[in-house]
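First the structure, in the form of structure tokens, and then the observations on it.
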Amino acid sequence: MSDKVFRDPLYNYISVDRDQDSWLLKLLDTREVQRLRRIHQLGVSNYTYPGADHNRLAHSLGVVHLMQMIVSHFQRNYPQVSNDGAARDALLAAALLHDVGHGPFSHLFEPCLGIKHEKWSIAVVLDSESEVHSALKKRDNFLPQRVANLIDENNHDQPTWQKLLLSSQLDADRLDYLRRDSLFTGAGYGHFDWYRLLTTVELFGDDPSDFDLVWPEKAALAIEEYIFARFYMYQNVYLHKTTRGFEQLLQAMWQRATTLMENGDDVHATPVLKDFWSHSDRTPGSLPLKKYLRIEEFAVLSQIDVWRNHPDKPLSDLAHRFLNRDGFAMIPAPSGENPLESGGDSEWLQALAEVVGKAGFENPACYCLFDDVDGKYRRPYKPEKEGQQQSASTAIRVRIKGESAPIEISSYLPRLAAVTNLPPPMRIYYVPKEARNDAKKLRETWTPSV
């Protein structure tokens, strides 16, 4: 029987063996996986980059493709640990399902829903009523638990090297999304020799259950290229001020609706959102999985469309602005100040709200938005440990000829310090464009009272 072939703009062809992996094709067709077609890979980045309309399903299929290649590489070079069919099944399934629990607009909606998507991905895999669980169990009774163990960062029942292939400083997930996001945004920064990285990765250690991932010295420049690509993608795509502004706008709108609802006001909730909000505990195990999975982008956009006609002016206005791409203006923190280090900015926010109020906005606090950018997001690669404590989860390491142990890549290539030094956290502000000029004047003349 021939392979099932998918056309993909990144890899041209992605093939799945119909005989060996017919179960994987059935898993792909489950309703929970197909739901990922309706989840944008980059949230609201298409407001900044019009081409960024790619979805989570295409990315997940790309990760499967890379995982197939990595497993084949290990089967050739490390048959003693990688010729286990059950391990191969778990890795391919986890590659496809690692994002299956994402909510609307991907990571953007996690603060609104109050829980990370990985928890819901695990719930999808383990819930006996999900089609995903049924498809996995038909393949192997133990496969659902193995897949959940691979996705769960706090679980250590699967061999370390298997978990690192899915989630580490250099993994199949990152190898796909950096290049895919670069392609669809048109940003052009996410280019690196992915094939070199994928086909040179090695297992290192004495205990097969605790093998680490390392790379040979000959892959060092490919790693450098990858780290720079990762840095530039964060600076120019993932942390783009316009995108972050629309993220804050959407979260402010959701918070306004939540506040109104808590005060007993009718928020004109659609049936899907009304059902969701009827549960005070919205965590896996308390909120039924089916109800969570109904919260997808169509449902949220339909709700926002309803809010455009809501009598509460801030909620209505925010809804109009989001749907019509009428974003906020970015205002840096006052010169010489970093509220995340100085202990607060309540006085500045109050002054900013007064400016917004004078521009004609009711409840101006609803329009004074801020975005906290932790230093780790501004330097996407930074080894967190030193010496023998390092692993692929915290550092990218290379084997150097003559050295007894692998060393962290920036120790070998000191020029990487330019993109691995940790910058301080920062806070930036957003106000309606109508208040931009006055807000800028306030910033230029700002002097705190203390």
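All of the numbers you see were taken from the coordinates with simple rules; none came from a lab. Computed from a predicted structure; not experimentally measured. Using ideal geometry, Cβ is built from the backbone for each residue, glycine included, and neighbour counts are taken over all protein chains shown.
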Sparse-neighbour loop sites [GluC sites (Glu not before Pro); region 88-188; at most 15 other C-beta within 10 Å; DSSP]: GLU129, GLU153
DSSP bridge orientation in the chain - percent antiparallel, rounded to nearest 5: 90
Most mobile listed residue (HIS40, HIS117, HIS240) in the chain, GNM with C-alpha springs under 10 Å: HIS240
Span-like helix ranges in the chain, DSSP H, alpha carbon extent 27 angstrom or more, Kyte mean at least 0.0: 56-77
For ILE331, residues with placed amide H under 5 Å, excluding near neighbours: TYR429, TYR430, VAL431
Length added when fully stretched, ASP210-ARG415, from 0.36 nm per residue minus Cα-Cα: 70.7 nm
The chain, relative contact order in percent, only Cα pairs under 8 angstrom and at least six apart counted: 15
Inter-label distance, nm, simple model (7 Å from Cα along the C-beta direction), VAL373/ARG31: 4.1
Calculated FRET efficiency for the pair GLN80/LYS241, C-beta based, R₀ 51 Å, to 0.05: 0.50
